[in-house]
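These notes are about the structure you will find just below.
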Amino acid sequence: MVKFTQDQVDELNLKIKTTDEALRWVSDNLHPKVAKASSFGAEDAVVIDIMLKINPKFRFFTLDTGRLPQETYDIMDILRKKYNISIEVLFPDTNEVEKMVLEKGMNLFYDSVENRKLCCEIRKVNPMNRMLNTLDGWITGLRRDQTKVREEVAMFQIDHGHGGILKINPIIDWTWDQIQEYIKKNNLPYNSLLDKGYPSIGCEPCTRAIKPSEDLRAGRWWWEQGEHKECGLHIERKNTD
Ligand code: SF4
């Protein structure tokens, strides 16, 4: 496994400034032990397109929680056919899901933050960990202006929560307007929920459309007040190595 020191990562952040440069470096230094995590929102459409212009063999994976909207499955197949790519689909552990819904019901996430986090852990975080254990790096579609938690995120990071592999956020500086412009200019297919008021797309029961004045991630877990709008995949943990 390739591991990077904080000094090396700091140097990368100083040296590499653009999305293209970052993805070229990833292709040259980490492929094939690197993959893009995708939930098939607008940002993912952009990153996937840029990645494939740089390396048609780049890898992509997604987490099928079992609760995704049909529109997300539709765009997965559209992208698969358009680019002739494979998408690695990770599923949650059947026994864990069965135990959870037996004890807490199908829609447990509405009952408490604790239940919602349990559901995200079983349906998202655990399958994600399984995938990341096999990689030296993973690529995200994070942008700095999405949430408070993401404001401090750099383009290259050591992911201490996932064995110290590299986390690459190639569009971290992009604005929402830039994302929309890139999609239009390049005539990219995108998740049809975007046009229905969903700038951020997650599981069907936990995501709703937003009003024009609302925060871009306000539709995620909309019933929760004052909680971080995160599922646990991008929470930074301090280095405890
Ligand atoms: S977003 Fe909702 S349905 Fe999806 S894993 Fe989290 S709590 Fe469960």
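Table for the structure above
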| item | result |
| --- | --- |
| In the range 192-216, the residues that are within 21 Å of residue 73 (Cα to Cα) and buried (at least 18 other Cβ atoms within 10 Å of the Cβ) | 193, 194, 198, 199, 200, 201, 202, 203, 206, 207 |
| Residue that is over 15 Å from the mean Cα position of the chain (by Cα) and more than 15 Å from the ligand (Cβ to nearest atom), where the choices are 95, 115 | 95 |
| Unique match (being crowded, with 17+ Cβ neighbours inside 10 Å, over 17 Å from residue 182 (Cβ atoms) and of a type in the set (Phe, Trp, Tyr)) among 4, 40 | 4 |
| Enumeration of residues in the range 74-86 that are over 17 Å from residue 42 (Cβ atoms) and open to solvent by 30 Å² or more (accessible area, probe 1.4 Å) | 77, 80, 81, 84, 86 |
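The values are calculated or read from the model by the stated rules, or taken from the named source; none is laboratory data. It should be emphasised that the depicted structure is a prediction, and the values quoted were computed from it without experimental measurement. Ideal geometry is used to build each Cβ from the backbone, glycine not excepted, and the neighbour counts take in all protein chains shown. The area values use the complete protein model at the heavy-atom level, side chains included, leaving out ligands, DNA and RNA. Shrake-Rupley method; radii C 1.70, N 1.55, O 1.52, S 1.80 Å.
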